[in-house]
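The structure appears right after this line, and notes come after that.
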Amino acid sequence: MTIKVLVVDDSALIRQILSEIIKSEPDMALVGAAPDAFVAKKLVLEKSPDVITLDIEMPKVDGLRFLEVLMNARPTPVVMISTLTEKGADATLRSLELGAIDFVAKPKIGVAQGMAEYHELIVDKIRTAARSKVKKASPAKAASVNKVSYSGTEKLIAIGASTGGTEAIKEVLRTFPANAPATVITQHMPAGFTSTYARRLDSVCQMQVKEAKGGERLLPGQAYLAPGDKHMEIERSGADYRIRLSDGPRVSGHKPSVDVLFNSMCKSAGNNAIGVLLTGMGSDGASGLLEMRNAGSETFCQNEDSCIVFGMPKVAIEKGAAKKILALDEMGKAILNTVEKMAAGSRL
C-alpha cells in the first residue's frame with residue numbers, strides 16, 4: 001500500500017526537505033505541501049491523505065487548533081513537527097492529547113542538515129502512523145481513583161510504553177491513589193521532553209510524578225519517569241530500592257529502554273514487582289517483561305483493541321510474558337487489585 005502524505009509547515013525549507021524525504025520512499029506518495037491551515041484544509045478534502053506531518057508553530061491558525069478541528073471533523077493520523085524548547089515540548093504533549101500519533105523534534109540549529117539526518121526517523125514515524133488507530137480526543141473526565149492499602153515489603157510498579165504511550169500512561173496513573181506503590185516509567189521520548197511530560201502528569205495525578213535524577217530512594221506515592229537520554233534501572237540497597245541512571249548505548253533500539261528497566265526489576269524486586277507494557281511500536285520491553293514473569297513478578301499487557309500501536313505488547317504476548325491482557329481502561333484497577341493481593345500474601 002502506498003501511503004499518501006500531506007506536509008503542512010509554514011517554512012518553505014522544511015516543506016522542501018520533508019517533501020524530498022517522502023518522495024524518495026517507494027511506499028510513500030506526496031499529495032501536497034501546505035504553508036498554512038487554510039491550504040491544508042483544502043488539500044485534506046481533495047486528497048484524503050493517509051498521514052499528515054504538521055508544524056505546531058504556524059501563522060493565522062496554529063497547528064494545535066488545526067489538529068483539534070481535524071480530529072473532530074476527519075480523524076487522520078498526524079505526526080507533529082515540533083521544536084526542542086520548553087514551550088515546544090508543552091505544545092507537543094498537548095498535540096498528543098488531541099490525538100496526534102507521534103512527533104519529530106526539529107533541531108535548534110542546522111535545521112536543514114538536522115532534518116535530513118532524521119530521514120529514517122521521519123519515515124519510520126510516518127509508517128507507524130499509517131498503521132495506527134486514530135481516536136478522537138475525548139473530553140477530560142475525572143479519574144476514578146482506587147483506594148489501596150498494603151504493608152510488609154514494599155511493592156514496585158514498572159511501566160513501559162512508546163507510540164501512544166503518553167496518554168496511556170496518564171490514564172493508568174490517574175487511577176492510582178496518593179499512597180500507591182512507587183512507580184517507575186520508561187516512555188520512549190527524546191531529551192528535553194520528559195521533564196515537561198513529568199510536570200504535566202504531576203498536575204493531573206494523585207501521586208507525585210517527577211523526572212528521575214538518579215540515586216533516589218523509591219517511595220510510595222511517588223512516580224519516576226526516565227529522562228529522555230538515559231537508561232533507568234532499579235537497584236536494591238539494603239532494605240531500599242534506588243534509581244540508577246546510565247548513559248550506555250541504545251538497547252532494543254532505544255534510550256531509555258524498557259527492557260533495561262524491566263531486566264533490572266526482575267533482578268532487584270522479583271516477586272515484589274508488577275510489570276506493565278503499554279502501546280508502542282517495535283519489541284522493546286517484551287523480553288524484559290518475560291524475564292520479570294520468570295522471576296515471579298506479576299505482568300500485564302495492554303490489549304490490541306485499546307492500543308494506538310499494537311507492537312510491543314503483541315510481541316510480549318507472543319513470548320508468553322503477560323499474565324493478564326487488559327483494555328487500557330481496566331488496567332489501573334487491575335494493577336491495584338493485584339497489589340492488594342500481593343500485600344495480603346506477604347502478611348500471611
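The values are calculated or read from the model by the stated rules, or taken from the named source; none is laboratory data. None of the values given here were measured: they were computed from a predicted structure. Virtual Cβ from ideal backbone geometry, glycine too; neighbours counted across all protein chains shown. The accessibility values were calculated without ligands, DNA or RNA, using every heavy atom of the protein model including side chains. Shrake-Rupley method; radii C 1.70, N 1.55, O 1.52, S 1.80 Å.
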Residues to consider are 236, 242; find the one that is in a strand (DSSP E or B), in contact with an Asp or Glu (Cβ under 9 Å, 6 or more places away or on another chain), open to solvent by 10 Å² or more (accessible area, probe 1.4 Å) and touching a residue at least 12 places away in the same chain (Cβ under 8 Å).
242
Filter result for residue 168 (part of a helix (DSSP H, G or I) and either under 24 Å from residue 306 (Cα atoms) or without any contact (Cβ under 8 Å) to a residue 60 or more places away in the chain (or both))
yes
Residue 184 - would you say it is open to solvent by less than 10 Å² (accessible area, probe 1.4 Å), within 21 Å of residue 70 (Cα to Cα), modelled with pLDDT of 90 or more and not in a loop (DSSP other than H, G, I, E, B)?
no
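Looking at region 263-285, which of its residues are small (Gly, Ala, Ser) and touching a strand residue (DSSP E or B) at 6+ places or on another chain (Cβ under 7 Å)?
The first filter runs over region 263-285 and keeps only residues small (Gly, Ala, Ser), leaving 264, 268-270, 273, 275, 280, 282-283, 285.
Scanning region 263-285 gives 264, 268, 269, 273, 275, 280, 285.
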Going through 206, 222 one at a time, which residue ends up being over 14 Å from residue 184 (Cα atoms) and modelled with pLDDT of 95 or more?
206
Looking at 229, 259 in this structure, which one is at pLDDT below 95 and either part of a loop (DSSP other than H, G, I, E, B) or open to solvent by less than 60 Å² (accessible area, probe 1.4 Å) (or both)?
229
Within region 188-226, work out how many residues are open to solvent by less than 60 Å² (accessible area, probe 1.4 Å) and within 15 Å of residue 90 (Cβ to Cβ).
12
I'd like the full set of residues that are open to solvent by less than 60 Å² (accessible area, probe 1.4 Å) and within 18 Å of residue 213 (Cα to Cα), limited to region 245-256.
245, 246, 248, 255, 256
Among the residues in region 111-127, are any farther than 24 Å from residue 289 by Cα, assigned to a loop (DSSP other than H, G, I, E, B), open to solvent by 60 Å² or more (accessible area, probe 1.4 Å) and modelled with pLDDT of 80 or more?
yes
Counting only helices (runs of 4 or more DSSP H) entirely within region 1-107, those with at least 2 residues that are under 14 Å from residue 122 (Cβ atoms) and open to solvent by 10 Å² or more (accessible area, probe 1.4 Å) are 12-23
